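Structure, as structure tokens:
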Amino acid sequence: MTKHALRSLTERASAEGLLDVAYTTTDSPFGTLLLAKTPRGLVRIGLPNQDADDLLVDLARRVSPRVLEAPAELDETRRELDLYFEGKLDRFDLPLDWQLSAGFRLKVLRAIARIPYGQTRNYTQMARSAGNQRAVRAAGTACGRNPIPLVVPCHRVLRSGGALGGYGGGLPMKRRLLEIEGVLDAEAA
């Protein structure tokens, strides 16, 4: 299929309300990211160390089998991510589709989404914000299973005492994101 035919198919599917999940890939300072959105908003960001094909299969299973590559649908997401990585954007203004999370995990992720740029919180604070201060491990699990990293900034959640803790994209990526935001000094890290 030619690029023109694919673009036409994508436009037609979108116009007829048949495009349930649009996706594309984009370059980042860390490698290739997978971006996916539904008509409600951004639903998934796959990090460079995650298998894009596995993520697409998961989206087809959990959201809809109508998953189609549609780069133009994610232009604004790519633009905002580029500005963020350049240190020129401190707040994402993208609609989000939270359907891949539920219950306590969703409460934690919504609390994480409210952490301001350049600030951090710890897992205990996230558990408390989600309504159960004793569920610290569950808050950590919510961070680890965040389907929309970067935009829902789980990299801003640290261990008590300030240690980095874990990160789905790896600790070097977490460290660099916190450097971009001015939380960590690049020379000291």
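Remarks
- Here Asn132 meets each of (1) buried (at least 18 other Cβ atoms within 10 Å of the Cβ); (2) over 17 Å from the mean Cα position of the chain (by Cα); (3) of a type outside the set (Gly, Ala, Ser); (4) part of a loop (DSSP other than H, G, I, E, B) with one exception, condition (1).
- From Leu89, Leu59, Leu100, Leu42, residue being at pLDDT 95 or above and assigned to a helix (DSSP H, G or I): Leu59
- Every residue from the stretch 147-166 that is touching a strand residue (DSSP E or B) at 6+ places or on another chain (Cβ under 9 Å) and part of a loop (DSSP other than H, G, I, E, B): Pro147, Ile148, Pro149, Leu150, Val151, Val152, Arg159, Ser160, Gly161, Gly162, Leu164, Gly165
- The numbered conditions (1) buried (at least 20 other Cβ atoms within 10 Å of the Cβ); (2) over 23 Å from Ala22 (Cα atoms); (3) of a type in the set (Gly, Ala, Ser) are all true for Gly169 except (2).
- Flag for Leu94 being in contact with a Ser or Thr (Cβ under 8 Å, 6 or more places away or on another chain), at pLDDT 95 or above and not assigned by TED's automatic domain parsing to the domain that holds Thr24: yes
The values are calculated or read from the model by the stated rules, or taken from the named source; none is laboratory data. Note that the coordinates shown come from a computational prediction; the quantities given were computed from them, not determined experimentally. Neighbour counts are summed over all protein chains in view; Cβ atoms, including those assigned to glycine, are modelled from backbone coordinates with ideal geometry.
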